[in-house]
Structures are given as structure tokens and as C-alpha cells.
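Here the structure is laid out as C-alpha cells; the discussion comes afterwards.
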Amino acid sequence: MAGLLIVALVAILQFANIPATDRPGMAVFDTYQRAAPRPYEDAAVRVIDIDEESIGRIGQWPWPRTEIAKLTDRLAEAGAAAIAFDIVFSEADRTSPEQIARQIGDSDRALATTLANLPSNDERLADSFALSPVVNGLFLVRDERNTELELPSGMAIFGSPPTEAPTGFRGTVQPLPILREASAGLGSLSIDKDVDGVVRKAPLLFLYGDQAVPALSVEALRVAQQAESTMIRTSDGSGETPGAAGAVVSVQAGQFTAPTTAQGELWLHYTDNVPGRTIPAWQILEGTGGSGDSVEGIEGQIVFVGASAVGLRDLVTTPLAGQVPGVMVHAQAAEQMILGEYLTRPDWARGLELLVVIVLGVALSVLLPKLGALPGAIVGLAGIGVIAAGSWAAFSSLGYLLDPTFPITVIVLVYGLQTLLGFYQEERQRSYIRNAFDRYLSPEMVRQIAANPDKLELGGEEREMTVLFCDIRGFSRISEQYEPQEVINFLTGFLTPMCDILLGHKGTVDKFIGDAILAFWNAPLDDPDQFKNGARAALAMNAALAELNQTMPTNNGQVWPDDVQIGIGLNAGLCCVGNMGSQQRLSYSLIGDTVNIASRFEGLTKQYGVAILIGSALADQLDGFALLELDRVKVVGRDAPDTIFALIGDETVAGCDKHQMLSEQHREFLSAYRSQKWADAKRFLTDNAASYETAGLGKLRQIMMARIAKLQKVPPPPTWDGVFQATEK
């Protein structure tokens, strides 16, 4: 029943056709196009491209209309069947003689008069258009402006008037009247993008009020064939089984008929970029489009003029590429109409997909509980393979767009739910194990052991890890003051929030050693942010202790000593981590020099009077944190020295003026100290005493003053490198 419920939900979602639910299917169709783009076949369509080089050679855009006229004349002389401009010449040419005359004005009246009497550039272009098979472009807009629209030719409608084509336009952006009247055709340049910004379909017609407006590609085909009109067939005038009245079925320009969606759109099957289809505009203007001084390859061609220059912003995204000139959409739509090669999504496609969802979903819902997980997975994968293969075959062989995503989704969801229910009982048994041992082992380790008992084997692995030691200062003194049960209650009140912080920062709590905590990061699970997680956990523990010192003494029944302090040592490096111990008893823990040094760093916090102390290996990984270099130290039991740092705060603290000032002052002190300039070092400590006290580093200043005094009495050798030998753990 649970599987059948999933089938019903998916079927309802598919039938409802909710916007954006088709996005996965569109992504699949895009993948198909990238895998099998339409093979290029010369369909007598060319694109004249106003590219970056053309802009560089001819000059910045917009070009004078005389240049456009020159381009048009050359294309017409070369025998172009139609010249379609993916450009709207909606404003007068600013370089026309009369425009220049207005700018000159009274400063040179004779010159202004002469210029004003010359023909305008727009008239020159209109003369060129009148002698050429030109199709002008216009835009349909949503706001009211230039509302009158007169087309050079009509659009005959067979059936009910189209109602699902793009509509809602209230105005137009048209060419200048003189240019519009001189042209043989007029088509819309608008290109509709899907919600994800990809152009998958080219509109072939638009509705402007009650008037049908052809797209540029359709009008170019009409003009090239010298046809009188364009024909639109809707569902009840197509001779096919009637669908919704007003749904567009096809658009015909001359002898070419293109099947469309109900909205009058043509599914585009793009080709890869083919150099021979595109000619830079500068080659036409300079007469080098072919060989010698002539323009070859244009005769009998439908020519689309558009721009790929980035600054002109006429670039769109297609399934094959992210930056394609918009004119290429019109050109490829015309190519497909000429070649008769289409992608279509048949009317019966959604019905077939819904039937597959129901049949497969019901069958799997019945069979999977009987088959089990592995055989069910094989059946499910086989079903997915058949659906995917069928969808691909329909695309590659027939040009049909059949969406496999809903059938595949129902298989995945039914299998997932049935498998989940099948494992429910086993998971309950595992849950019993976890509940029994969670209080003794790390919860993550319990989960892994329950899932994979092989992890109980002895062994370890080397990992780059971050290790934390935390210890309560003066715990022996605290233990003497209270009864054993009170000490346990105190430790519980302290360790519980500390462990919450460690686990909240993705740490693994290894063990408690009396009042001490050993934790680490990057095991058993990978943690790419282990260094920062460890630092943030240490800072949070210190902040939480300050709050506990305020709230716990007032908590009735809870023993809490005055002003509890902790020391935290952090270190990073290579460790061996895994199940260690004997054959009778295991412990998931870690060993290595990194662990020992972290313990020594925790011990040094008391000597230097800081809460959190880290080594250089970890400091190198904490870019942006508030760190203060303390000293160079050889810890007990180790010959190699290390530079130790106090972890003061996070990125916010690092950016404050006080910390930056203290860091600069302390660097100057360390420079003088390591250079054996004792007087300068003492002066830095004395002059900045207030800053050290404010930052809680008063004890650091005191021990460095005492150390300088000893070094002044017994100077170190000239080769001294500033390393201090620690004598206590």
C-alpha cells in the first residue's frame, strides 16, 4: 500500500503539470542534444555576424545607416534570397547630415544649410531596403507604446483563432516608418527562454491583440519564396483529432510547414558551430566574403544579420553552449523548417509517460516485497535501463521527446520506500544494540559497529588529525574539599556541556582521564574543516566555562567550586587511530607524538597563564584566527623545539584593533628578546603592561620579565635561538 501511495502521488504530480516539474525532463533532453546534435546540412541559410573583429574594423556600434545600406546592397547584389535583420532600427541615425546640421546650428549657418539639404542616412538605407528582399525586425512589449502595427502580409488561420501563442503584448518597438515601409517583411525578434534561462524552443508566431505576428524566421522564409501570406493551423482546423480549440498545430511559410507546440513554438534541434554557416560582417563590407573582391556563397541564401559581439548583449544560452548569438536561434529555426527535420513532443507523450508510471509503479509495489532488496534492485535497474534506452531511441531515431524522468522517479521512490520498510525490523534490532552501548562508547563508533561488525578487529590507520586535551586546574584541591559523590556530581555538571560542545563541532570524545578530556577530529569520519572545528570547540569550551562559573553556584543542590579554570592544549599532526587494546577488550583511540605534545601543551597553559595553547602545525592552519605567539619551547620528553601560540579568539576577535595592537607590540618584544636586547625587551613589557593585563596575559608578562632577569645575570651563548626548555609536564 505504501508503494501504491507513492505511485498515486507521482501520477497526480505528473498529471497536474505543475510549473518547474518539467525541469528534470528538460535537462535530459539537453543531454540528448549534447550527445547527438543535429548533423549540419547546408539548408541555404547564412548568418552575417557583427562580431568583435567587425566592430574593431568598421567602428563602434551603432554603425551609420550608410554602412548598413552598403551591407544590404552587397548582399542583394550577391543574390541573397532574403536579408533578415535581427536588429530593430527604431531611432533616427545620429550621424545623418540633418542631425549634424542641428548640432552645428548657427555656428556655421552655410554648412548647416548644406547638410540639412542632403539626403538622410535613413533615406539612403530605405532606398537600399526597397531594392532588396529585406525583412525587418520588431519587438512586442508589455507596456503601451507605438500601439499601431501594420504587417506587410497577412497570416491565414485554419481553425479557431490561436489562443495559446505568446500574448499579453500592449505595444511595439518598430523600425522607423520609412524603413518599415521599404522592407518586404516584418517579423518579431522575441525569443522565449525557459525558467532556467535556456532557449529550447523558438516561437514562430505571437498574438498582438487579435493580430497574429510571425517570427523573424518564418517571415524570412516567406519573403525568400515570395509567398503572399503565412498559414497557421490550429487543432480544429488541422484535420487531426481535435484537441483544445485554439491550440496551434503547425505554421506554414510557402512550401515549408513546421509542426509546433500548442503555443506555436518549434522545438529546436541545434547543430554544433559550423564555420561555413557564419560570415563576419566586415568580410561582406570589405568585399572578401569569398575569394578576390567578390562576395561568394550568398546567392540563393536566406541571410540573417545579427551580432555576437559581447558588448551588444545579444547572447543566449542553448543546450549546447552558454554564449550563442540570438540570431543563431532564428537561423537554425529556418534551417529546420527548410530541411523538414524536427524534434517533436507528440500529443500522446504525456499519456504514455503517465501509463508507464502507473503500470511500472503498481508492478514494482507488488513484486518488490516478495523479491527482496537485491533482486528488487536488479529489476528496478532493468526497468530504468529500458525506460532510458526507449527515451533515447525515440530521440535519436524518430526525433520524439519522451520524458523518462517521471517513470524513473517512481521506480526509485517505490524501491526506496519498499527497501526502507524491509529493513525496518532489522534496524530496530540494531537500535537496541546502540541504546545498550551508547553510554559506554562513542555514538558514531556504535553506529559503525552495528552496521559493520568487522570494525571490532584490532588495527589502526595513520591520519592527519587534530587532538585536544582539556584539564581542570587544581582538581586535586577541589577533590579534597568535597565528598566523592559531590565530586562526581561536579564532574558530571562540567563534562556534560563540554562534551556537547565537542560533539557539536564534529569532534570524537576519546576518553575521560579523571577530570581531563581527550578528543580528536578527522576520525572515524573525514572532517575537511578539522583544524577550525577544533579551534572553535576550544574557544566555545572556554566561553561555556565562564558561563558555568556564573550560573552553577546559584543552582541549588549542585556543588560548584569558585572560579573553576581549565587549560586546553591543541595540536595537529599525524596519528595512528583505530581499535586498540587486547583480544578481550578494545578501545577506539589514537596514539602518536602529536597526542603526547598536545598533552604537554595543556600542561604549559598553567605556566604561561593562558587558557588555550596550540603548536605551530595547527597555527599554520588557522588563518584568520586571533593567535599570539608566546615562545619557542622544548617540551618535556622531546628534543625538537616548537613555537607555541595562545589561541585568543576567532576571526571577529582577530579583526579588532586591541588584538592587532597587542600582536604588533608582542612581536616587537619577541624580536628584541630573541636578539638578546634585554633592555628593549623589558621596556616593551613595561610600557605595554596594561595591554597584557587587559588581554588576560598578565602572567605571561611576569614570567618573561623574570626570565629576562635571569638571562641578564647569566647571559646565553651568542648562538642562542630563544628556545626555552620546559621542566614540567
Table column - 3J(HN,Hα) (Hz), segment 82-95, Karplus curve with 6.51, -1.76, 1.60, x for Gly and Pro: 7, 10, 9, 9, 7, 9, 10, 8, 8, 10, 5, 5, 6, 9
Computed magnitude of the charge dipole of the chain (debye, nearest 20; Cβ of K, R +1, Cβ of D, E -1): 2640
Alpha-carbon centroid distance for the pair segment 343-359 / segment 692-729, whole angstrom: 82
Rounded, prolate or oblate (a/c below 1.5 giving rounded, otherwise prolate when a/b exceeds b/c) for segment 656-729 by Cα gyration tensor: prolate
Longest DSSP-loop-exposure-free segment, GluC sites (Glu not before Pro), the chain, at most 16 other Cβ within 10 Å: 458-727
Test item: Cα-centred dipole of segment 457-653, Lys/Arg +1 and Asp/Glu -1 on Cβ, debye: 320
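Rounded to the nearest 500, what is the 222 nm mean residue ellipticity of the chain from helices alone, with -39500 (n - 2.57) per DSSP H run of 4+ residues and division by all residues?
-13500 deg cm²/dmol
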Under-5 Å amide H pairs with ILE566, H placed in peptide plane, nonlocal only: ARG473
Cα-based reach from LYS677 at 26 Å (exclusive), listing lysines while leaving out same-chain residues under 8 positions away: LYS634, LYS658, LYS699, LYS710, LYS713
Antiparallel DSSP beta bridges within the chain, as percent of all bridges there, nearest 5: 65
Filtered trypsin sites (Lys or Arg not before Pro), segment 181-270: DSSP coil and at most 16 other beta carbons within 10 Å: LYS193
DSSP beta bridges in segment 39-339 [antiparallel fraction, %, rounded to 5]: 45
Residue-wise HN-Hα coupling along segment 689-696, computed from phi with Karplus coefficients 6.51, -1.76, 1.60 (Hz; x: Gly, Pro): 4, 4, 5, 5, 5, 4, 7, x
Charged-residue dipole, Cβ positions (Lys, Arg, Asp, Glu), segment 656-729 about Cα centre, Debye nearest 20: 300
Net length gained if the chain between ALA245 and GLN99 were fully extended (0.36 nm per residue, minus Cα distance): 47.4 nm
Degrees, to the nearest 10: 678-687 long Cα axis against longest axis of the chain: 70
Selected from THR278, PRO162, VAL195, residue furthest toward positive end of dipole (segment 154-279; charges at beta carbon): THR278
Integer Hz, Karplus 6.51/-1.76/1.60 couplings in order for segment 23-30, x for Gly and Pro: 4, x, x, 5, 5, 5, 4, 4
Whether segment 3-131 is rounded, prolate or oblate, judged on the alpha carbon gyration tensor where a/c under 1.5 counts as rounded: prolate
Selected from SER153, ALA544, GLY416, residue furthest toward positive end of dipole (the chain; charges at beta carbon): ALA544
Whether segment 624-685 is rounded, prolate or oblate, judged on the alpha carbon gyration tensor where a/c under 1.5 counts as rounded: oblate
Tilt relative to the chain, helix 121-130 - C-alpha long axis, 0 to 90 degrees, to 10: 60
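Read-outs: derived from the displayed coordinates by stated rules, not from any lab. These figures come from a predicted structure and were not determined experimentally. Every residue, glycine among them, receives a Cβ derived from its backbone with ideal geometry; neighbour counts consider all protein chains shown.
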